[in-house]
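Computed from the coordinates by the stated procedures, all read-outs in this text should not be read as laboratory data. The shown structure was predicted, so the numbers you read here are calculated from the model rather than taken from an experiment. Virtual Cβ from ideal backbone geometry, glycine too; neighbours counted across all protein chains shown.
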Amino acid sequence: MFALLVTLAVLVAFSFIYLRGENLDYLDSGSVPAPTGEPSPQHADVVASMGEFASQSQGLGRKERLQAIRNYMDSIGDDREFASKFSAQSSPVKGEWVIAPESDPKRRILYIHGGAWLAGSPKSHRIITDRLARLCNASVFSLDYRLLPEHTRAQGIDDCYAAYRWILETGPEGEAELDFLMVAGDSAGGSLTLATVAWARDQGLRAADAAVAFSPSTDVTMTSPSLRSNVSTDPMLGPGFGKLLKVPPVLLWWGSWITNRIPPSDPRVSPLRGDLAGLPPILIQASEAEMLFDDARRYAAKAKAAGSNVQLQTWPHMVHVWQIFSPELPEAEDAFAKIAVFIDALAPAEAGAHP
């Protein structure tokens, strides 16, 4: 009996110290004031579209549902006419160049798409990458990193690191000088964005001039308060990820470790838990209604305390990564306008955004 108790104590200690890591409750800044006003009428259409897809995918098996999600995401921009041209890239990194009419090949953006590490592609996020290319007068490389479950989480991370090294020396037409580099991403891609710029710092590589993260996941230990408090107000993540909250956190940590072979406290998958000093200027945009809201708040608070230049901009009511519903959603247009202000506020040599 004593041996069993000792074993249980060791397992619990291991779970909290190694798998979860530091208790980050000290980063929480209290409740958010009740939102004023109402979202735009177009926002209701977005929510309705999500509900329609959710109902259509009910009853599908795991593989069929994952493929349905991937197909749905890739269809988001099917009815659009884009100003940019898209050029596939297969080696040494996989993805596509997004070239706006007046984009400067010396100004480059590495874009890392979201999709819960399971879905998404350069095609699914063309609405965002086309807009960023025009907004920043830059050539955007949208990375097609390896996804779960066909590949490991580590392989997807390695793809991001390889793309960062590559884009430092390579533009859409081959080797080219680099005047400006921004790394950007949404949701899971926002996590990879924040992890990649920290990795580049640790490797002594040329730092990005800026980074932008839309609704990023920053901590896969799933301990931030809004993961629970915002389940009912998040129509995108709530229906699926809300079910995980019924599982004891310790089991989630072990499941994450066993599945990914990376402890959830590792900064590669939880950038919030890494060293946040000495980072490039970072802009984070998040919705006060989404489950990942406190992931963004905690990251911004810790990074600012470490001396990094991090701005957090928040909107009430919005769905997760609402920027992808541009230009129909006025709040998405507002978000991109604020990105332009962020870029223009950088040093003159780094600026050049165009609304």
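For segment 37-53, the condition holds for no residue, the condition being that it is over 18 Å from Ile324 (Cα atoms), in a helix (DSSP H, G or I) and touching a residue at least 24 places away in the same chain (Cβ under 8 Å). Filtering segment 253-273 to residues that are of a type in the set (A, V, I, L, M, F, W, C) and buried (at least 20 other Cβ atoms within 10 Å of the Cβ) leaves Trp253, Val269, Leu272.
I want to confirm something. Restricting to segment 173-192 and keeping residues that are part of a strand (DSSP E or B) and either hydrophobic (A, V, I, L, M, F, W, C) or touching a Phe, Trp or Tyr at 6+ places or on another chain (Cβ under 7 Å) (or both), which single residue is surrounded by the fewest Cβ atoms within 10 Å (Cβ to Cβ)?
In this case the residue turns out to be Phe180.
Within segment 150-172, does at least one residue satisfy the condition of being polar (S, T, N, Q), under 26 Å from Val269 (Cα atoms), part of a strand (DSSP E or B) and touching a residue at least 12 places away in the same chain (Cβ under 8 Å)? Within segment 150-172, none of the residues are polar (S, T, N, Q), under 26 Å from Val269 (Cα atoms), part of a strand (DSSP E or B) and touching a residue at least 12 places away in the same chain (Cβ under 8 Å).
Within segment 315-325, the set of residues being buried (at least 18 other Cβ atoms within 10 Å of the Cβ) and assigned to a loop (DSSP other than H, G, I, E, B) comprises His317, Met318, Val319, His320, Val321.
For segment 70-100, filtered to residues that are under 25 Å from Glu52 (Cβ atoms) and of a type in the set (Ser, Thr, Tyr), the residue that is surrounded by the fewest Cβ atoms within 10 Å (Cβ to Cβ) is Ser75.
Scan segment 74-99 for residues that are within 15 Å of Ser326 (Cβ to Cβ) and in contact (Cβ under 8 Å) with a residue 40 or more places away in the chain and the total you get is 7. For Lys246, the conditions (1) free of Cβ contacts under 8 Å to residues at least 24 places away in the same chain; (2) buried (at least 16 other Cβ atoms within 10 Å of the Cβ); (3) of a type outside the set (Ser, Thr, Tyr) all hold with the exception of (2). Taken over segment 3-48, the residue count meeting the criterion of being of a type in the set (A, V, I, L, M), more than 25 Å from the chain's Cα centre (by Cα) and surrounded by 11 or more Cβ atoms within 10 Å (Cβ to Cβ) is 3.
So if I check each of Trp97, Trp117, which one is among the hydrophobic types (A, V, I, L, M, F, W, C) and part of a loop (DSSP other than H, G, I, E, B)? When all the criteria are applied, what remains is Trp117.
Summed over segment 101-126, residues that are out of contact with any strand residue (DSSP E or B) (no Cβ under 8 Å at 6 or more places or on another chain), more than 20 Å from Ala68 (Cβ to Cβ) and either crowded, with 23+ Cβ neighbours inside 10 Å or of a type in the set (A, V, I, L, M, F, W, C) (or both) total 0.
On the given criteria, is Arg261 among the charged types (D, E, K, R), in contact (Cβ under 8 Å) with a residue 12 or more places away in the chain and closer than 22 Å to Asp28 by Cα?
no
Residue count for segment 207-254 under the criterion of being assigned to a loop (DSSP other than H, G, I, E, B) and on the phi < 0 side of the Ramachandran plot: the result is 19. Please find, among Arg107, Arg70, Arg65, the residue that is of a type outside the set (A, V, I, L, M, F, W, C), assigned to a strand (DSSP E or B) and either touching a Cys at 6+ places or on another chain (Cβ under 8 Å) or farther than 19 Å from Val140 by Cα (or both). Being of a type outside the set (A, V, I, L, M, F, W, C), assigned to a strand (DSSP E or B) and either touching a Cys at 6+ places or on another chain (Cβ under 8 Å) or farther than 19 Å from Val140 by Cα (or both) holds for just one of Arg107, Arg70, Arg65, which is Arg107. Against the test of being on the phi < 0 side of the Ramachandran plot, assigned to a helix (DSSP H, G or I) and buried (at least 24 other Cβ atoms within 10 Å of the Cβ), the options Ala301, Ala296 yield a single qualifying residue, Ala296.
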